[in-house]
Amino acid sequence: MDINALIEEALDSGFNHAAELRAETLRFLPEVREMCSADRCHSYNKNWVCPPACGTLEECSARASGFSHGIIVQSECELEDSFDFETMQALERRHQKNFEKLASRLRERYPGLLALGAGGCTFCEKCTYPDAPCRFPDRAISSMEANGLWVSEVCERNHIPYNYGPNHMAYTSCILVE
């Protein structure tokens, strides 16, 4: 596996920033998972890739334990001001679209990869949880936070900025490969 080639592929896929991710830097923190239970994003206990359906913190950690490397990708932009929600939403849509496409392409070469996105899964308008199985279990993407990862810490430990300054927004995701 050539990490530099993966980084280039990520940048060519429309991300503003990409860097190597060392799996040993990942810490699965109960306090991050506890934030999910506050249900600020309105997905807790409503989605197959969010807690509690995505598994315990121990299960999330075990899924990641078979990987040693990966990449962190970011979509970043400047906002007119801190209330520029239109630009924030457009950035989120762009990031998720690019991440889903990159993860899909990389699954062809690395079928066992672990893709951890930003925010909840967006493949279905309404999730089947808990009444029926996931419609797209091979494509569904759980978030970094749902897995107990403190995103700013993951960035810091892997030498990629998290905060680009006032009136800037960034979405961060990662992909772990064998």
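The values are calculated or read from the model by the stated rules, or taken from the named source; none is laboratory data. Quantities reported herein were computed from a predicted structural model and do not represent experimental measurements. Cβ atoms come from the backbone with ideal geometry, glycine included; neighbour counts cover every protein chain shown.
Of everything in the range 1-17 that's of a type in the set (A, V, I, L, M, F, W, C) and out of contact with any Asp or Glu (no Cβ under 8 Å at 6 or more places or on another chain), which residue is surrounded by the fewest Cβ atoms within 10 Å (Cβ to Cβ)? Break it down into steps so the answer makes sense when it comes.
Taking the range 1-17 as the starting set, the residues that turn out to be of a type in the set (A, V, I, L, M, F, W, C) are 1, 3, 5-7, 10-11, 15.
Those still in the list that are out of contact with any Asp or Glu (no Cβ under 8 Å at 6 or more places or on another chain) too: 5-6, 10-11, 15.
Details: Ala5: 9, Leu6: 23, Ala10: 24, Leu11: 13, Phe15: 24.
Here the residue is Ala5.
Out of Arg93, Arg40, which single residue is of a type outside the set (Asp, Glu), touching a Ser or Thr at 6+ places or on another chain (Cβ under 9 Å), farther than 23 Å from Arg157 by Cβ and without any contact (Cβ under 8 Å) to a residue 24 or more places away in the chain?
Just one listed residue meets the conditions, Arg93.
Within the range 116-141, track down each residue that is in contact (Cβ under 8 Å) with a residue 24 or more places away in the chain and hydrophobic (A, V, I, L, M, F, W, C).
Correct list: Leu116, Ala118, Cys121, Cys127, Cys134, Ala140, Ile141.
If you check Val49 against the conditions, is it of a type outside the set (Lys, Arg) and assigned to a loop (DSSP other than H, G, I, E, B)?
yes
Among the residues of the range 94-120, count how many are in a loop (DSSP other than H, G, I, E, B) and in contact with a helix residue (DSSP H, G or I) (Cβ under 9 Å, 6 or more places away or on another chain).
Qualifying residue count for the region: 3.
Within the range 5-17, which residues are closer than 16 Å to Lys97 by Cα, touching a helix residue (DSSP H, G or I) at 6+ places or on another chain (Cβ under 9 Å) and either of a type in the set (Phe, Trp, Tyr) or outside any loop (DSSP other than H, G, I, E, B) (or both)?
Those that are closer than 16 Å to Lys97 by Cα, touching a helix residue (DSSP H, G or I) at 6+ places or on another chain (Cβ under 9 Å) and either of a type in the set (Phe, Trp, Tyr) or outside any loop (DSSP other than H, G, I, E, B) (or both): Glu9, Ala10, Phe15, His17.
Yes/no matrix, rows are residues, columns are (1) more than 24 Å from Glu76 (Cα to Cα); (2) modelled with pLDDT of 95 or more:
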position	(1), (2)
Ala10	no, yes
Gly14	no, yes
His17	no, yes
Glu20	no, yes
Val32	no, no
Ser37	yes, no
Asn45	yes, no
Ala53	yes, no
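Out of the residues in the range 119-166 that are on the phi > 0 side of the Ramachandran plot and more than 11 Å from the chain's Cα centre (by Cα), which is surrounded by the fewest Cβ atoms within 10 Å (Cβ to Cβ)?
If we take residues in the range 119-166 being on the phi > 0 side of the Ramachandran plot and more than 11 Å from the chain's Cα centre (by Cα), then Gly165 is surrounded by the fewest Cβ atoms within 10 Å (Cβ to Cβ).
Evaluate the range 157-173: report whether one residue or more is assigned to a helix (DSSP H, G or I), more than 21 Å from Lys97 (Cβ to Cβ) and modelled with pLDDT of 95 or more. Outline the logic, then answer.
To start, the set of residues in the range 157-173 that are assigned to a helix (DSSP H, G or I) comprises 157.
Within this subset, residues satisfying the condition of being more than 21 Å from Lys97 (Cβ to Cβ) are 157.
Filter once more, so that each one left must be modelled with pLDDT of 95 or more: 157.
Within the range 157-173, one or more residues are assigned to a helix (DSSP H, G or I), more than 21 Å from Lys97 (Cβ to Cβ) and modelled with pLDDT of 95 or more.
In the range 28-41, how many are closer than 16 Å to Thr172 by Cα and assigned to a loop (DSSP other than H, G, I, E, B)?
Number of matching residues: 0.
Which of (1) closer than 27 Å to Asp131 by Cα; (2) touching a helix residue (DSSP H, G or I) at 6+ places or on another chain (Cβ under 9 Å); (3) surrounded by 15 or more Cβ atoms within 10 Å (Cβ to Cβ) is the odd one out, the single condition Trp48 does not satisfy?
Only one criterion is unmet by Trp48, namely (2).
Looking at Glu80, Glu76, which one is exposed (fewer than 13 other Cβ atoms within 10 Å of the Cβ), closer than 27 Å to Ser152 by Cβ and acidic (Asp, Glu)?
Glu80
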